[in-house]
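The values are calculated or read from the model by the stated rules, or taken from the named source; none is laboratory data. The shown structure was predicted, so the numbers you read here are calculated from the model rather than taken from an experiment. Cβ: placed from backbone, ideal geometry, glycine included. Neighbour counts: every protein chain shown.
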Amino acid sequence: MQTNSRLQEIVYGALLTAIAILIPVAFGGYLRIYIPPFSATLASHLPVFISMLISPFAAVFVGFGSALGFFLIMGPVIGARAAVHILVGGTGAYLIKKGIGFGWALVAVAPIHALGEALIVVPFGFSFYEAGVLVGIGTLLHHMMDGLLAYVVVRSLQKTSRALS
């Protein structure tokens, strides 16, 4: 990779990381649905999903930022659940790098996301029902909503950049 593109990767990754931290901190009160142990903050996955288009490194870095933002605002259980974004982003970016389209990569990582977040809450004392139904299915639905939103944003940006060229 050339130096200039590596610098762009770092800058875009840093900006998306800042947004990943900012969403739960600044907008969580307005965009959050909270049914313990499940919580969903609308649009919170967008930075991670969009970073998958940059590189696996950027996606993993943004996933860490997402986990940090949720840990600071919601505590260790939600922060641990958000840490699954590291795996989701890295895996999705790897799939895209291997030639799978953005939309299909989002679909492919959805079960990883839902299962990962469901399993992460079990050691915190939540039942398999709470983990599987509330967190697992809730995360899958949240992933699908944010995935659709991310897809629309990316397509819009692609059309805008072509129009400005």
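Of the numbered conditions (1) at pLDDT 95 or above; (2) of a type outside the set (Val, Ile, Thr); (3) in contact with a Leu (Cβ under 9 Å, 6 or more places away or on another chain), PHE126 fails exactly one; give the number of that condition.
So PHE126 meets the others, but not (1).
Scan the range 85-99 residue by residue and report those that are crowded, with 23+ Cβ neighbours inside 10 Å and either free of Cβ contacts under 8 Å to residues at least 40 places away in the same chain or closer than 20 Å to ALA26 by Cα (or both). Can you show your working first?
Quick first cut of the range 85-99, residues crowded, with 23+ Cβ neighbours inside 10 Å only: 85, 88-90, 92-93.
The answer is HIS85, GLY90.
Looking at the range 23-41, which of the residues that are part of a helix (DSSP H, G or I) and out of contact with any helix residue (DSSP H, G or I) (no Cβ under 7 Å at 6 or more places or on another chain) is farthest from ALA114 (Cα to Cα)? Quick ask: steps written out before the conclusion?
Applying the first criterion (part of a helix (DSSP H, G or I)) to the range 23-41 yields 23-31.
Narrowing the set further to residues that are out of contact with any helix residue (DSSP H, G or I) (no Cβ under 7 Å at 6 or more places or on another chain) leaves 26-27, 29-31.
Numbers: ALA26: 25, PHE27: 23, GLY29: 23, TYR30: 23, LEU31: 20 Å.
Filtering the range 23-41 for residues that are part of a helix (DSSP H, G or I) and out of contact with any helix residue (DSSP H, G or I) (no Cβ under 7 Å at 6 or more places or on another chain), the one farthest from ALA114 (Cα to Cα) comes out as ALA26.
Of the conditions (1) touching a Gly at 6+ places or on another chain (Cβ under 8 Å); (2) at pLDDT below 95; (3) under 26 Å from ILE100 (Cβ atoms), VAL25 clears all except one; give me its number.
It fails just one condition, (3).
What do you reckon, is ALA118 of a type in the set (A, V, I, L, M), at pLDDT 95 or above and closer than 22 Å to PHE57 by Cβ?
Taking the combined requirement at face value, the residue does not satisfy it.
Hey, does the range 42-59 have a residue that's among the β-branched types (Val, Ile, Thr), assigned to a helix (DSSP H, G or I), touching a helix residue (DSSP H, G or I) at 6+ places or on another chain (Cβ under 8 Å) and surrounded by fewer than 20 Cβ atoms within 10 Å (Cβ to Cβ)? Before you say what the answer is, go through the steps one by one.
Of all residues in the range 42-59, those among the β-branched types (Val, Ile, Thr) come to 48, 50, 54.
Checking which are assigned to a helix (DSSP H, G or I) leaves us with 48, 50.
With touching a helix residue (DSSP H, G or I) at 6+ places or on another chain (Cβ under 8 Å) added as a condition, the list becomes 48, 50.
With the extra rule that they be surrounded by fewer than 20 Cβ atoms within 10 Å (Cβ to Cβ), the set shrinks to none.
No, the range 42-59 contains no residue that is among the β-branched types (Val, Ile, Thr), assigned to a helix (DSSP H, G or I), touching a helix residue (DSSP H, G or I) at 6+ places or on another chain (Cβ under 8 Å) and surrounded by fewer than 20 Cβ atoms within 10 Å (Cβ to Cβ).
Considering only the range 5-21, I want to know if a residue exists there that is touching a residue at least 24 places away in the same chain (Cβ under 8 Å), on the phi < 0 side of the Ramachandran plot, hydroxyl-bearing (Ser, Thr, Tyr) and part of a loop (DSSP other than H, G, I, E, B).
Within the range 5-21, none of the residues are touching a residue at least 24 places away in the same chain (Cβ under 8 Å), on the phi < 0 side of the Ramachandran plot, hydroxyl-bearing (Ser, Thr, Tyr) and part of a loop (DSSP other than H, G, I, E, B).
Residue by residue through the range 3-36, note down the ones that are crowded, with 17+ Cβ neighbours inside 10 Å, hydroxyl-bearing (Ser, Thr, Tyr) and out of contact with any Phe, Trp or Tyr (no Cβ under 7 Å at 6 or more places or on another chain).
Selection gives TYR12 alone.
Evaluate the range 72-79: report whether one residue or more is free of Cβ contacts under 8 Å to residues at least 12 places away in the same chain, surrounded by fewer than 18 Cβ atoms within 10 Å (Cβ to Cβ), among the small types (Gly, Ala, Ser) and assigned to a helix (DSSP H, G or I).
Checked against the condition, which is being free of Cβ contacts under 8 Å to residues at least 12 places away in the same chain, surrounded by fewer than 18 Cβ atoms within 10 Å (Cβ to Cβ), among the small types (Gly, Ala, Ser) and assigned to a helix (DSSP H, G or I), the range 72-79 yields no hits at all.
Of (1) surrounded by fewer than 20 Cβ atoms within 10 Å (Cβ to Cβ); (2) at pLDDT 95 or above, ALA150 satisfies all except one. Which?
Only one criterion in (1) surrounded by fewer than 20 Cβ atoms within 10 Å (Cβ to Cβ); (2) at pLDDT 95 or above is unmet by ALA150, namely (1).
Cβ-Cβ distance below 8 Å, separation of 6 or more or different chains: which pairs start in the range 130-142 with a residue that is closer than 13 Å to ILE120 by Cα and end on one that is charged (D, E, K, R)?
That search, which allows pairs on different chains as well, returns VAL135/ARG81; VAL135/GLU117; GLY136/GLU117; THR139/ARG81; THR139/GLU117.
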